[in-house]
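Data first, discussion second: the structure below is written as structure tokens.
The values are calculated or read from the model by the stated rules, or taken from the named source; none is laboratory data. Here the structure is a predicted model, which is why all the values come from computation and not from measurement. Every residue, glycine among them, receives a Cβ derived from its backbone with ideal geometry; neighbour counts consider all protein chains shown.
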């Protein structure tokens, strides 16, 4: 039986793993893709402390991973599909194996929110995208739309101007939610045109995206915009299918925890984007990962003292 | 890693479409983060299926024609080929177990 299993090897999971390895806890990290998490989709990270010139998402998590290797952390490529939780034992099942552990840290993150409009699923991969760094370069000199008004939407829209001839930012309000610095950059960028008070009604196209049907939420006026790509950045959904019914979740599906990253089940902790909280960043994920590992260590110590000799 | 064959616009038809055994091509690029998640999985699969499936990769930055031929607008994209025809397309980053399942269908 392990002391600790961490599910997820993004920044939260890797930091928890780093601290756990240094605390000499018998630990395994289970990751269904390869280490990195959502930050891999971004081109450049400028707001992670310690990097005055910024760093690529990949380079940042690669460094985190290499650091955990130094302390002997084991990361396995496994996808947990089910688990059973008791205070003394956490049983995790993948399609190949079963793992048992005294404690568990869920660092399973979030995934991009969909719009839920006609044409979205049909044209995903054919012009509809949730990742500008993945797909931007396929739109050289073309016109694309970005849906959203937060940091991600604005950052990715600016990134897209490297390739696209024109980028429309379509936002349902008359003010961007993004950090002021990003707003300044967007307004200064010639290739970006802001479309306010507007929502996409449907995405049009057969073999690929041809355009968007839009609606102004204030006037009700409908219009059509010809674009070859639609990039959607309207928020994140927790990857909480795994924990539904077993842990306390908030109304949006994020895992409820206290200041020590404790969930509603003894010995189960959560760190990173999966948590119910106000700010989802690499910088917060890292702090929570460390806290969760520390709390798990204390939990295991308490458990051991209760065990009969 | 030696097991994943690098293909280009010039060598694609010969290596993949004319391949006697089924093939899988990983379309990626340097600037694409999620591609970096899929590539290690592709390398592992190349080792596991050596001799049975030809596993290759194509850098879409240096090779613009082939992605266009197959309507690729997103990466990572994995395309599985059998007898010179597209057997399956996997768009986006998926876990190894999913990709493995799809490869097994080719055999």
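Annotations for the structure displayed:
- Residue within the range A:70-89 that is loosely packed, with under 15 Cβ neighbours inside 10 Å and under 19 Å from residue B:33 (Cα atoms) present: no
One line per residue, one yes/no per condition, for (1) out of contact with any helix residue (DSSP H, G or I) (no Cβ under 8 Å at 6 or more places or on another chain); (2) within 14 Å of chain B (Cβ to nearest Cβ); (3) at positive phi; (4) surrounded by fewer than 20 Cβ atoms within 10 Å (Cβ to Cβ):
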residue	(1), (2), (3), (4)
A:191	yes, no, no, yes
A:197	yes, no, yes, yes
A:201	yes, no, no, yes
A:209	yes, yes, no, no
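- Condition check for residue A:263: free of Cβ contacts under 8 Å to residues at least 24 places away in the same chain and buried (at least 18 other Cβ atoms within 10 Å of the Cβ): no
- All of (1) in contact (Cβ under 8 Å) with a residue 24 or more places away in the chain; (2) surrounded by 16 or more Cβ atoms within 10 Å (Cβ to Cβ) hold for residue A:114 with one exception: (2).
- When the helices (runs of 4 or more DSSP H) confined to the range A:89-189 are screened for residues that are more than 13 Å from every other protein chain (Cβ to nearest Cβ), those reaching at least 1 such residues are found at A:151-160, A:180-188.
- Counted residues, the range A:125-134 - those being surrounded by fewer than 24 Cβ atoms within 10 Å (Cβ to Cβ) and touching a residue at least 12 places away in the same chain (Cβ under 8 Å): 2
- Residue check for residue A:163: in contact (Cβ under 8 Å) with a residue 12 or more places away in the chain and surrounded by fewer than 24 Cβ atoms within 10 Å (Cβ to Cβ): yes
- Residue A:215 being in contact with a strand residue (DSSP E or B) (Cβ under 7 Å, 6 or more places away or on another chain), surrounded by 14 or more Cβ atoms within 10 Å (Cβ to Cβ) and either closer than 16 Å to residue A:157 by Cα or touching a residue at least 40 places away in the same chain (Cβ under 8 Å) (or both): no
To keep it simple, each residue is scored yes or no on (1) under 17 Å from the mean Cα position of the chain (by Cα); (2) over 28 Å from residue B:61 (Cα atoms); (3) at pLDDT below 95.
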position: A:48; (1), (2), (3): yes, yes, no
position: A:66; (1), (2), (3): no, no, no
position: A:90; (1), (2), (3): no, yes, no
position: A:98; (1), (2), (3): no, yes, no
position: A:112; (1), (2), (3): yes, no, yes
position: A:122; (1), (2), (3): no, no, yes
position: A:138; (1), (2), (3): no, no, yes
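- Residues of the range B:4-57 satisfying the condition of being in a loop (DSSP other than H, G, I, E, B), loosely packed, with under 15 Cβ neighbours inside 10 Å and more than 10 Å from chain A (Cβ to nearest Cβ): B:8, B:10, B:18, B:20, B:21, B:50, B:51, B:52
- The set of residues from the range A:32-67 being closer than 15 Å to residue A:289 by Cα and not in a loop (DSSP other than H, G, I, E, B) comprises A:37, A:61, A:64, A:65, A:67.
- Filter result (in contact with a strand residue (DSSP E or B) (Cβ under 9 Å, 6 or more places away or on another chain) and outside any loop (DSSP other than H, G, I, E, B)) within the range A:237-281: A:237, A:238, A:240, A:242, A:249, A:255, A:262, A:268, A:269, A:270, A:275
- If the condition is being in contact with a strand residue (DSSP E or B) (Cβ under 8 Å, 6 or more places away or on another chain) and at the interface with another protein chain (Cβ under 9 Å from one of its Cβ atoms), then the range A:39-71 contributes A:39, A:56, A:57.
- Residue match in the range B:83-105 (condition: at the interface with chain A (Cβ under 8 Å from one of its Cβ atoms) and in a helix (DSSP H, G or I)): yes
- In the condition set (1) within 14 Å of chain B (Cβ to nearest Cβ); (2) surrounded by 15 or more Cβ atoms within 10 Å (Cβ to Cβ); (3) in a loop (DSSP other than H, G, I, E, B), residue A:231 is compliant with all but (3).
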